[in-house]
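Input: a single structure, listed below in structure tokens.
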């Protein structure tokens with residue numbers, strides 16, 4: 001004979017039956033209120049993030065636009081050659097130096113900094129330089145920039161574009177076994193002089209599989225921009241950003257409209273104007289919000305993990321799938337720096353996937369090599385010879401690397417701390433001039449290197465590309481002068497709010513449909 005049901009079980013069932021409708025009503029109320037007020041509070045910020053996100057996905061749209069530096073907060077102005085004003089520096093033949101960086105090419109001579117203005121670089125985006133090479137045979141200075149290579153005739157002071165130069169970021173120009181080599185983030189080129197000028201000829205290369213998985217943060221970054229799916233993914237993210245602007249504006253309108261009606265501010269001869277627009281916005285706000293909700297969830301969740309503190313959760317986690325660093329590149333990894341190794345008679349490539357060296361047995365094949373030096377996610381800025389070894393530098397520090405002994409040690413000096421953020425390094429028989437992103441020029445102790453002071457008027461003449469300004473706004477670092485390090489918490493909170501606003505919007509939609 002079956003036992004009668006436990007009376008406590010019956011009590012629980014009665015309790016659930018009696019209070020469940022109230023519980024659902026309570027959840028629905030909380031969801032509606034949260035969606036309303038979180039959306040209203042964060043709408044201006046979400047609109048800004050959507051606009052800047054679209055701009056970041058399409059640098060070609062805004063590459064010709066610049067913004068003056070002197071109207072920006074103090075932390076964006078230059079001091080003592082900091083903030084990447086110098087990203088490469090080489091010696092000339094007269095005891096001076098050529099340097100390049102965010103404001104184009106400079107000549108440091110006779111304790112004076114002289115601009116070498118390039119008429120082809122008519123915007124801050126185009127001025128950004130990454131590499132230099134002095135060709136003593138032809139008396140030309142070669143400048144690798146964000147959009148190709150330019151040559152300066154040092155006799156006539158005339159700039160020219162390089163024939164066959166693609167619009168790519170050229171990170172190194174070096175002398176190899178067969179002449180000059182130009183290395184971009186996407187590939188290698190022969191650089192040859194033919195009477196009237198230089199020509200670039202592409203070299204097909206292949207990077208062997210290094211057997212390593214991609215870091216999870218790279219997958220997160222490409223999900224956020226849409227680049228993971230190529231042009232289709234970028235279009236989806238652009239559409240989501242555009243709809244986020246509409247959802248934010250329509251949400252603000254639907255919030256304000258009833259309150260204006262209640263105060264009879266929209267009444268005109270007994271009629272209320274704007275009612276049709278309100279109904280149209282309500283309909284499309286709900287419809288398009290549901291359509292794009294999943295993409296907004298992905299955007300908010302990935303945004304939450306792209307900067308600290310969220311980034312700390314995934315910084316050491318590997319991606320379940322391999323990710324190409326540059327989706328539209330033939331190579332699996334982007335090249336950060338290159339160096340010719342005369343001992344091995346081989347080219348070395350420092351990439352986002354580690355170090356590669358030219359295989360001696362197969363032409364144009366590069367195989368993985370050990371690199372025990374820590375490199376930041378932004379890549380290496382310094383890779384050069386030092387006595388019989390190498391110096392490697394990124395925003396994780398400046399290190400001396402001896403492959404023979406496998407020894408790695410910080411490049412230390414009494415004039416700078418162990419932890420530096422190098423953008424460029426000039427070294428001459430142990431005498432060093434370090435250019436730090438934050439502090440600027442740092443000379444080693446008792447240095448004899450003559451680097452002139454930064455001109456006082458540079459901030460009145462300098463500009464920042466609109467793309468770079470959008471980048472600073474998009475990650476909220478622009479507001480650091482107001483919030484300090486707390487801007488990172490605001491960024492994480494904004495990502496979390498976008499996730500929760502999307503979830504509550506989905507819940508509210510289906511709750512009303514029941």
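With respect to the chain, whose longest principal axis is taken over its alpha-carbon atoms, helix 230-262 is tilted by about 40°. Over the stretch 186-253, the alpha carbon radius of gyration divided by the compact-protein estimate 2.2 N^0.38 Å works out to 1.94. Working note: Cα gyration tensor of the stretch 83-145, eigenvalues times five, square-rooted, sorted largest first, giving semi-axes of 18, 13, 10 Å. Pair-distance distribution P(r) for the stretch 15-130, from all Cα-Cα distances in 5 Å bins starting at 0: 2, 9, 11, 13, 12, 9, 7, 6, 5, 5, 4, 4, 4, 3, 2, 2, 1, 0, 0 percent.
In the chain, the DSSP beta bridges split such that about 95 percent are antiparallel, to the nearest 5. Write down Rg/Rh for the stretch 393-482, rounded to two decimals, with Rg from the C-alpha atoms and Rh from the Kirkwood relation over Cα pairs. Across the stretch 393-482, the Cα-based Rg/Rh ratio is 1.06.
In this simple spin-label model, placing a label point 7 Å from the Cα along the Cα-to-Cβ direction at both residue 58 and residue 431 gives a separation of 5.2 nm.
Taking the centroid of alpha carbons for each part, the stretch 425-494 and the stretch 51-67 are 21 Å apart.
Once the stretch 47-198 is represented by equal point scatterers at the alpha-carbon sites, with solvent omitted, what log10 I(q)/I(0) does the Debye formula produce at q = 0.15, 0.19 Å⁻¹? Cα-only, vacuum Debye calculation for the stretch 47-198: -0.83, -1.24. Computed on the Cα trace of the chain, the radius of gyration divided by the Kirkwood hydrodynamic radius gives Rg/Rh = 1.08. Size descriptor for the stretch 157-289, Kirkwood hydrodynamic radius: 21.0 Å (Cα pairs only, one decimal).
Across the alpha-carbon atoms of the stretch 460-499, the computed radius of gyration and Dmax are 12.3, 42 angstrom.
Taking the Kirkwood radius as Rh and the Cα radius of gyration as Rg, the stretch 398-450 has a ratio of Rg/Rh equal to 0.98.
A simple packing score, the average count of other Cβ atoms within 10 Å per residue, orders the peptides 404-410, 331-337, 158-164, 275-281 as 331-337, 158-164, 275-281, 404-410, with the highest score first.
In terms of overall dimensions, the stretch 48-105 has a Cα radius of gyration and Dmax of 15.9, 51 angstrom. Largest first, the extents of the alpha carbon coordinates of the stretch 155-225 on the three principal axes equal 50, 28, 17 Å.
By the beta-carbon count within 10 Å of each Cβ, the least crowded to most crowded order of 401, 340, fewest first, is 340, 401.
With the simple model of a label 7 Å out from the Cα in the direction of the Cβ, residue 418 to residue 120 spans 4.5 nm. Going 7 Å from the Cα of residue 280 along its beta-carbon direction, which residues of the stretch 232-250 have the amide nitrogen within less than 19 Å of the resulting point? Residues 243-250 fall inside that zone.
Each distinct pair of alpha carbons in the stretch 119-191 adds a 1/r term; the inverse of their mean, the Kirkwood radius, is 12.3 Å. Highest mean packing comes first when the peptides 473-486, 226-239 are listed by Cβ atoms within 10 Å, giving 226-239, 473-486.
Where a number appears in this text, it was derived from the coordinates with a stated rule and is not lab data. If you're wondering where the values come from, they're calculated on a predicted model, not measured in any experiment. Neighbour counts run over all protein chains shown; Cβ positions are idealised from the backbone, glycine included.
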